[in-house]
Amino acid sequence: MSRPADLIPVRDVHSFDPQGLERWLDRHVEGYRGPVEVLQFAGGQSNPTYSLESPSGRYVLRRKPPGKLLPSAHAVDREYRVLTALRDTDVPVARTFALCEDDDVIGTAFYVMEHVDGRVLRDPLLPGCKPAERAAIYDVMNATLAALHRVDFVAVGLEDFGKQGDYVARQIHRWTKQYRASETVTIPEMDRLIEWLPRQIPEDDETTLVHGDFRLENMIFHPTEPEVLAVLDWELSTLGHPLADLSYNCLLYRTDPDAFGGFGDTDLAALGIPTESEYVAAYCRRTGRERIDGWEFYMAFALFRIAAILQGIMGRVVDGTAAAKNAAERGAMAPAVARRGWEIAEGMGA
């Protein structure tokens, strides 16, 4: 059988003893039968992800990366918890099997979940699709985000999954610390955003479950239909402000192809992809909002946050612990993304 293009031999920096993993799987994953073949997914910038092939089926393993980690980063235990809690909601997620917090098994904490067959759409322009297909895919992504923000987080046992209130202020503080901890070069626009953003936070404050990294690439779609089968990569999920999630999801509208892979000046109408205003309006309809006040602030905040994340990737490149082959390329986008965020701030009178 040929190997899928997104699977590669396990990188040396992420290797571990498969026999120790097999013993753990025997004890903790119902129905598991060995032996197991371990391959690594080529994508993913943070938590290394592996495909486990065995006679009982195919599984996916997500683990903390080895090496020195930033405080509160790579929280696979939180990923496992939120995935498990969302199992019976309208938010499509992969079934979880077990969490291991014993570093002695494979070197770091990890969890195992089901493998979901489908498409991962990495190019937001969706080459090969017809305009109607692109429109349907973006619409179902929008509907999935709205469904997440409608989840009763108390009812699913996530009332203590994060602090309630002041999410944006806390995020600015957190990502400033993360950025400073992984800073490899001086980015003047980041320094300006760090000073400007805390003074501009809109007064509206609300709390929902948020994903934290909600984008097209972090979903598995049905092989042929515009249907989301599973939302992936819940590492940054918490209780927070839904507009932080929405603005992050809209970053493509404010970035260029060479900076975070954005749309730039692409003719979206010709492709069938909604404009930013159309996409935001659809979300508002689904969540019962009449309008969004302070939208430009949220976009500047989203760009600041992704610039901090990209800088973290570059920090791992320098440390030699980056998970993905294109990590250096991704990390190098941080200055351009920060500049775009500051341009929005300047447009608001900064």
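The values are calculated or read from the model by the stated rules, or taken from the named source; none is laboratory data. Nothing here was measured: the structure is a model prediction, and the numbers come from that model. Please note: Cβ atoms are built from the backbone with ideal geometry, for glycine as well, and neighbour counts cover all protein chains shown.
Filter region 301-344 for residues that are among the small types (Gly, Ala, Ser) and closer than 17 Å to Leu243 by Cα; which is surrounded by the most Cβ atoms within 10 Å (Cβ to Cβ)?
Filtering region 301-344 for residues that are among the small types (Gly, Ala, Ser) and closer than 17 Å to Leu243 by Cα, the one surrounded by the most Cβ atoms within 10 Å (Cβ to Cβ) comes out as Gly341.
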Subject >> Yes/no for Ala259 being of a type in the set (Gly, Ala, Ser), out of contact with any helix residue (DSSP H, G or I) (no Cβ under 9 Å at 6 or more places or on another chain) and either at negative phi or in the same structural domain as Ala146 (by TED's automatic domain parsing) (or both) >> reply: no
Original post:
Taking into account only those residues within region 260-300 that are basic (Lys, Arg) and not in a helix (DSSP H, G or I), which is surrounded by the fewest Cβ atoms within 10 Å (Cβ to Cβ)?
Top reply: Arg291
Original post:
If the Cβ limit is 9 Å and pairs must be 6+ apart or interchain, which residue in region 167-180 that is over 23 Å from Ala332 (Cβ atoms) pairs with which residue that is surrounded by 14 or more Cβ atoms within 10 Å (Cβ to Cβ) and of a type in the set (Val, Ile, Thr)?
Top reply: Tyr167/Thr207; Tyr167/Val210; Tyr167/Thr238; Val168/Ile201; Ala169/Ile201; Ile172/Ile194; Ile172/Ile201
**OP:** Report, ordered by the first and then the second residue, all pairs with beta carbons closer than 6 Å, sequence separation of six or more or different chains, a first member in region 212-223 that is modelled with pLDDT of 95 or more, and a second member that is part of a helix (DSSP H, G or I) and among the acidic types (Asp, Glu).
**Re:** Phe214/Asp245
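Quickly run through region 177-193 and pick out the residues that are surrounded by 19 or more Cβ atoms within 10 Å (Cβ to Cβ) and within 22 Å of Ile344 (Cβ to Cβ).
If we filter region 177-193 for residues that are surrounded by 19 or more Cβ atoms within 10 Å (Cβ to Cβ), which is where we start, we get 178-179, 182, 187, 189-190, 193.
Gln178, Tyr179, Ile187, Glu189, Met190, Leu193 - these are the residues of region 177-193 that are surrounded by 19 or more Cβ atoms within 10 Å (Cβ to Cβ) and within 22 Å of Ile344 (Cβ to Cβ).
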Original post:
Any idea which of Glu235, Glu203 is more than 10 Å from the chain's Cα centre (by Cα), modelled with pLDDT under 95, over 17 Å from Pro92 (Cβ atoms) and not in a helix (DSSP H, G or I)?
Top reply: Glu203
**OP:** Could you tell me whether any residue of region 130-152 is touching a residue at least 24 places away in the same chain (Cβ under 8 Å) and farther than 25 Å from Tyr253 by Cα?
**Re:** yes
**OP:** Please indicate, with yes or no, whether at least one residue in region 265-279 is in contact (Cβ under 8 Å) with a residue 24 or more places away in the chain, of a type in the set (A, V, I, L, M) and more than 29 Å from Ala132 (Cβ to Cβ).
**Re:** no
Original post:
Is it true that some residue in region 71-85 is at pLDDT 95 or above and either of a type in the set (Val, Ile, Thr) or farther than 25 Å from Arg170 by Cβ (or both)?
Top reply: yes
Original post:
Picking from Ala334, Ala327, which residue would you name as being in the same structural domain as Arg192 (by TED's automatic domain parsing), within 30 Å of Ser15 (Cβ to Cβ), out of contact with any Leu (no Cβ under 6 Å at 6 or more places or on another chain) and aliphatic (A, V, I, L, M)?
Top reply: Ala327
Original post:
In this structure, does Gln171 turn out to be under 22 Å from Cys250 (Cβ atoms) and either assigned by TED's automatic domain parsing to the domain that holds Val280 or part of a helix (DSSP H, G or I) (or both)?
Top reply: yes
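Out of the residues in region 128-152 that are basic (Lys, Arg) and surrounded by fewer than 18 Cβ atoms within 10 Å (Cβ to Cβ), state the one that is farthest from Glu206 (Cα to Cα). Can you show your working first?
Kept after step one, since they are basic (Lys, Arg), are these residues of region 128-152: 130, 134, 150.
Subset that is surrounded by fewer than 18 Cβ atoms within 10 Å (Cβ to Cβ): 130, 150.
Numbers: Lys130: 38, Arg150: 12 Å.
By that ranking, first place goes to Lys130.
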**OP:** Name every residue in region 291-332 that is charged (D, E, K, R) and within 19 Å of Ile172 (Cβ to Cβ), in order of residue number.
**Re:** Asp293, Glu296, Arg305
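Kindly indicate which of Val168, Val210, Val228 is of a type outside the set (S, T, N, Q), buried (at least 18 other Cβ atoms within 10 Å of the Cβ) and in contact with a Leu (Cβ under 8 Å, 6 or more places away or on another chain).
On the way: Val168 fails: in contact with a Leu (Cβ under 8 Å, 6 or more places away or on another chain); Val228 fails: in contact with a Leu (Cβ under 8 Å, 6 or more places away or on another chain).
Being of a type outside the set (S, T, N, Q), buried (at least 18 other Cβ atoms within 10 Å of the Cβ) and in contact with a Leu (Cβ under 8 Å, 6 or more places away or on another chain) holds for just one of Val168, Val210, Val228, which is Val210.
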**OP:** For residues that are hydrophobic (A, V, I, L, M, F, W, C) and outside any loop (DSSP other than H, G, I, E, B), tally how many sit in region 6-45.
**Re:** 9
Original post:
Does Pro131 fit the bill of being closer than 23 Å to Asp256 by Cα and at pLDDT 95 or above?
Top reply: yes
Subject >> Members of region 317-350 that are in a loop (DSSP other than H, G, I, E, B) and in contact (Cβ under 8 Å) with a residue 12 or more places away in the chain >> reply: Gly320, Thr321, Ala322, Ala323, Ala324, Lys325, Ala332, Met333, Met348, Ala350
Subject >> Total residues in region 100-127, condition outside any loop (DSSP other than H, G, I, E, B) and under 14 Å from Glu22 (Cα atoms) >> reply: 4
